[in-house]
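First the structure, in the form of structure tokens, and then the observations on it.
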């Protein structure tokens, strides 16, 4: 067995294809990602190198029901929205979100890219809330599935 697969070198990370994610609920969202965890064969933990260009946001304001996540700022500056607060973040700052987490999002109003590590659990199924949009997402290996929270109906297994 090659033990080197457990080390992701800076050169290997730089050689990864960067893909762009634009969140369907936020037209300002544009984040460029490199999936580091796949290089080492991780399946239960996701670790991604993220680059957020100037003037863009990471996702849409959201929170998670079951998965914990973190963000570690490598370079640049951003504004983290956590709950009702807006906090400037920079190199060395870490944001950690237990589950269920407070609502959060990250934006870059500055003139240089914001680069950070984004990591967390990858369960089989996760539920995320987008309270400003009235949406709930069920996330599985096949992608995001949005529902309108107003359309959800209570269910009881008890017969009355």
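Bear in mind that the values in this text are calculations on the coordinates, not laboratory data. Please read all numbers here as calculations on a predicted model, not as lab measurements.
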Checklist entry - When the chain is treated as a GNM, springs tying every alpha-carbon pair under 10 Å, which of 142, 108, 26 comes out with the largest mean-square fluctuation? => result 142
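Tell me what the chain gives for mean residue ellipticity at 222 nm when only DSSP H runs of n ≥ 4 count, each as -39,500 (n - 2.57), the sum divided by the residue total, rounded to 500 deg cm²/dmol.
Details: 1 runs with 6 residues, N = 160.
One gets -1000 deg cm²/dmol as the mean residue ellipticity at 222 nm.
Length gain on complete extension for the stretch residue 42 to residue 88, per 0.36 nm per residue less the alpha carbon to alpha carbon distance? Each step should come with its number before you reach the end.
Working: separation 46, 0.36 × 46 = 16.56 nm, distance 3.13 nm.
In short, 13.4 nm is gained.
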Item to check | Three-way shape label, segment 101-160, alpha-carbon gyration tensor, a/c 1.5 | outcome: prolate
Checklist entry - Tell me, in nm to one decimal, what length is gained between residue 156 and residue 127 on full extension, where the rule is 0.36 nm per residue of separation less the Cα-Cα distance? => result 8.4 nm
Item to check | Centroid-to-centroid separation of segment 99-160 and segment 1-65 [C-alpha atoms, Å] | outcome: 17 Å
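As a test, work out the antiparallel percent of DSSP beta bridges whose residues both lie in segment 3-124, rounded to the nearest 5. Could the numbers behind the result be given before it?
Working: 37 of 38 bridges.
Percentage antiparallel, nearest 5: 95.
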Checklist entry - Convex hull over the Cα atoms of segment 1-96, averaged projected area in nm²? => result 7.5 nm²
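Below 8 Å, C-alpha to C-alpha, sequence gap of six or more: please give me the relative contact order for the chain in percent.
On the way: 357 pairs, mean separation 33.7, N = 160.
Relative contact order of the chain: 21 percent.
So if each residue of separation counts as 0.36 nm, and I subtract the Cα-Cα distance between residue 32 and residue 75, what length gain in nm does that give? Before the final figure, lay out the partial values.
Details: separation 43, 0.36 × 43 = 15.48 nm, distance 1.45 nm.
Gain on stretching residue 32 to residue 75: 14.0 nm.
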Checklist outcome for this item: Looks like the chain, by Cα gyration tensor root eigenvalues a ≥ b ≥ c and the a/c under 1.5 rounded cutoff (else prolate when a/b is bigger than b/c, oblate otherwise), is oblate
